[in-house]
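**Student:** The structure that follows is given in the form of structure tokens.
The values are calculated or read from the model by the stated rules, or taken from the named source; none is laboratory data. Every value quoted in this text rests on a predicted model; they were computed, and no experiment measured them. Here the Cβ positions follow ideal geometry from the backbone for every residue, glycine too, while neighbour counts run over all protein chains shown.
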Amino acid sequence: MKTYTYKRFKYKDKFYKFKEPLKVQINNFLCADLKTIKGELYIPCIMDGYSTDEITNPEKEIKEYLTLIFDEYLTKKDDALDKGDRDFKHRFLELIEPPKK
């Protein structure tokens, strides 16, 4: 397992700074058939992630996942999301430093 740390993330020409460095864990593992390699991306502070085929380019995979979070959750209004998605959005927003006024 390897942990990647991000202090900020660029989304659509704007940088978002995390209150504390965001830690993302990548773990490639051998399946029970002892032939197939799968990968897992996990963000411990929000207890979220996913499993997929082997992750060969972790930086790209993490960027795509964080972009998906912004596209599918953070940029949408609360009333467009179901309760679980709203909860996820607010958990993730707690990690981002508010913009300075």
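**Student:** Suppose we filter 21, 99 for residues that are within 14 Å of residue 9 (Cα to Cα) and either assigned to a strand (DSSP E or B) or in contact with a helix residue (DSSP H, G or I) (Cβ under 7 Å, 6 or more places away or on another chain) (or both); which single one remains?
**Tutor:** Numbers: 99 fails: either assigned to a strand (DSSP E or B) or in contact with a helix residue (DSSP H, G or I) (Cβ under 7 Å, 6 or more places away or on another chain) (or both).
From the options 21, 99, the qualifying one is 21.
**Student:** If you don't mind, there's one more thing I want to ask. Consider residue 47 against the criteria (1) surrounded by 10 or more Cβ atoms within 10 Å (Cβ to Cβ); (2) closer than 15 Å to residue 23 by Cα; (3) without any contact (Cβ under 8 Å) to a residue 12 or more places away in the chain: it satisfies all of them except one. Which criterion is unmet?
**Tutor:** In the conditions (1) surrounded by 10 or more Cβ atoms within 10 Å (Cβ to Cβ); (2) closer than 15 Å to residue 23 by Cα; (3) without any contact (Cβ under 8 Å) to a residue 12 or more places away in the chain, residue 47 misses (1) alone.
**Student:** So, one more: Identify the residue in region 77-101 that is over 14 Å from the mean Cα position of the chain (by Cα) and not charged (D, E, K, R) and, among all such residues, is modelled with the lowest pLDDT.
**Tutor:** 99
**Student:** Can you tell which of 26, 62 is among the hydrophobic types (A, V, I, L, M, F, W, C) and not in a strand (DSSP E or B)? First the steps, then the outcome.
**Tutor:** Working: 26 fails: not in a strand (DSSP E or B).
Exactly one residue qualifies, and that residue is 62.
**Student:** Which one is surrounded by the most Cβ atoms within 10 Å (Cβ to Cβ) among residues in region 55-85 that are out of contact with any helix residue (DSSP H, G or I) (no Cβ under 8 Å at 6 or more places or on another chain) and β-branched (Val, Ile, Thr)?
**Tutor:** Applying the filter and picking the extreme gives 62.
**Student:** Kindly indicate whether residue 39 is surrounded by 15 or more Cβ atoms within 10 Å (Cβ to Cβ) and modelled with pLDDT under 95.
**Tutor:** Considered against the rule, which asks whether it is surrounded by 15 or more Cβ atoms within 10 Å (Cβ to Cβ) and modelled with pLDDT under 95, residue 39 comes out as no.
**Student:** Would you mind stating whether residue 33 is exposed (fewer than 13 other Cβ atoms within 10 Å of the Cβ) and in a loop (DSSP other than H, G, I, E, B)? Quick ask: steps written out before the conclusion?
**Tutor:** Details: exposed (fewer than 13 other Cβ atoms within 10 Å of the Cβ): yes; in a loop (DSSP other than H, G, I, E, B): yes.
In short, yes.
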